[in-house]
Amino acid sequence: MAVDQTSRSDSSVRFIVRCTAPTARCPACGTAAGRVHSRYVRRPADTAVGGQPAVINLQVRRFFCGNDACQKKTFAEQVEGLTFRYGRRTVLLQQALEQVALMLGGAAGERLAARLSMPVSGSTLLRLIRRLELPAVPAVEVLGVDEFAFRRGRKFGTILIDMHSRRPVDVLPDHTADTFAAWLQDRDHVRTVCRDRSGSFAEGAQRALPGVPQVADRWHVLHNLATAVEKAIRRHRPCLQPPESEPDLGPATERQEPVVTRTEENTRARWQQIHPLYVKGMKIDAISQVTGYDRTTVRRYARAASPEELIRSRPRRRTTLDMHKPYLLARWTEGCDNARSCATRSPPAATPAPARPSVASSTPWAPGPIRPPRRRPRWPSPTSCAGSSDGRRTRARPPGNTSRTSAIVADT
Ligand SMILES: [Zn+2]
């Protein structure tokens, strides 16, 4: 290669270069060719020189391929280390931009490249990343597998980790047993699969590598242990004895029986709906489809021995509102549901309680027949709109094992 001329303008540095090699190798058959078909000029952009963009005016030749059997009749010569086929940048600039793109991504990479006098758009940087060849998957002895979200709550994939190097080795487009089993095929170097409690990963590993030990990773062991301890403590809550000397909670008339909240009612109803199906032997997925609840909820309700496990029966704390409740209750039963009106006329604590104590027994704040509470229209959220417009389920469905409530190390 010979540099015939260099010139510098306000905006760039220009090199006029030509190739001098007597022959070039055909990219299809590798035959050295010396018969020139034509010449033309390429202008690949190069890395900056002295802070200014560099442009190379490179005169290249098109050769006839001398091999009659070759499907290429003519080909353009490439300068090794400088140009590549169809490239509008030099190899050096291409590699520099790839590194910028890998480290900063599109928008930030675009800003840095402009500062380095290598102007490029963010979308081009992203395209460079997509064109890169993926590194070969190394031989992994202990393979970690878990889900990750492409779109949180909507689309999940699988990430595979080399547990020795703690580096990701591959990602899979979904988190099904079939995909995982297909990846494991012909990978006999895997000696241990380190997974969460997901049934799909267990099934995939069992199918592709039967007999390979499957263990739970440390995070899931600790997480499941904490969940199991919490469940056990909640189950034994009735065993707790009240303290011998109760603190003074005020006059006995103010003490009420524990009120069954709407949340508790809903929890019981849901448990009655889900748990019997689970006991009959239905799968979590099937129950989810029948009832419409997501799998996490179904699993939680299915595995609870009683609704009490799900109800956090916490004694109510006294609040500053308690002293005003008798008056507010009276106003509410009269039909006043205007908060401002009630607040401005709310008397201090000395006001006697209303003469209808029976109202305060079960559902004291339920709307009476006098005036039903006003309901504001609920607008659909952007997420639900997006979900329903493309035909998918509107209910976000996390993967099956986000709630890993089952007992831990039992079968690992
Ligand atoms: Zn050829």
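For region 195-215, a residue qualifies if it is surrounded by fewer than 20 Cβ atoms within 10 Å (Cβ to Cβ) and either in a strand (DSSP E or B) or acidic (Asp, Glu) (or both), and the qualifying residues are GLU203, GLN214, VAL215. Scanning region 153-172 for residues that are crowded, with 16+ Cβ neighbours inside 10 Å and assigned to a loop (DSSP other than H, G, I, E, B) turns up just one, MET163. Within region 105-153, the residues that satisfy the criterion of being within 30 Å of LEU184 (Cβ to Cβ) and not hydrophobic (A, V, I, L, M, F, W, C) are ARG130, ARG131, GLU133, PRO135, PRO138, GLU141, GLY144, ASP146, GLU147, ARG151, ARG152, GLY153.
Per the listing GLY87, GLY109, GLY105, the residue uniquely crowded, with 18+ Cβ neighbours inside 10 Å, within 17 Å of ARG127 (Cβ to Cβ) and away from the ligand (no atom under 16 Å from the Cβ) is GLY109. Every condition in (1) more than 16 Å from the ligand (Cβ to nearest atom); (2) more than 19 Å from VAL79 (Cβ to Cβ) holds for CYS29 except the one numbered (1).
Within the option set LEU58, LEU112, LEU82, being of a type outside the set (Gly, Ala, Ser), under 28 Å from LEU128 (Cα atoms), free of Cβ contacts under 8 Å to residues at least 24 places away in the same chain and in contact with a Leu (Cβ under 8 Å, 6 or more places away or on another chain) holds for one residue only, LEU112.
Out of the residues in region 32-57 meeting the condition of being more than 16 Å from the ligand (Cβ to nearest atom) and exposed (fewer than 14 other Cβ atoms within 10 Å of the Cβ), tell me which one is nearest to LYS72 (Cα to Cα).
Residues of region 32-57 more than 16 Å from the ligand (Cβ to nearest atom): 38-57.
Subset that is exposed (fewer than 14 other Cβ atoms within 10 Å of the Cβ): 38-41, 43, 50-51.
Numbers: SER38: 15, ARG39: 17, TYR40: 19, VAL41: 21, ARG43: 24, GLY50: 41, GLY51: 41 Å.
Residue satisfying both the conditions and the ranking: SER38.
Answer yes or no as to whether VAL3 is within 16 Å of the ligand (Cβ to nearest atom) and more than 30 Å from ILE129 (Cα to Cα). So VAL3 fails the test.
Would you say GLU80 is of a type in the set (Asp, Glu) and either within 16 Å of the ligand (Cβ to nearest atom) or touching a helix residue (DSSP H, G or I) at 6+ places or on another chain (Cβ under 8 Å) (or both)?
On the way: of a type in the set (Asp, Glu): yes; either within 16 Å of the ligand (Cβ to nearest atom) or touching a helix residue (DSSP H, G or I) at 6+ places or on another chain (Cβ under 8 Å) (or both): no.
Answer is no for this residue.
Among all residues of region 28-46, there is at least one that is polar (S, T, N, Q) and farther than 27 Å from GLU98 by Cβ.
Computed from the coordinates by the stated procedures, all read-outs in this text should not be read as laboratory data. None of the values given here were measured: they were computed from a predicted structure. Here the Cβ is made from the backbone with ideal geometry for all residues, glycine too, and neighbour counts use every protein chain on show.
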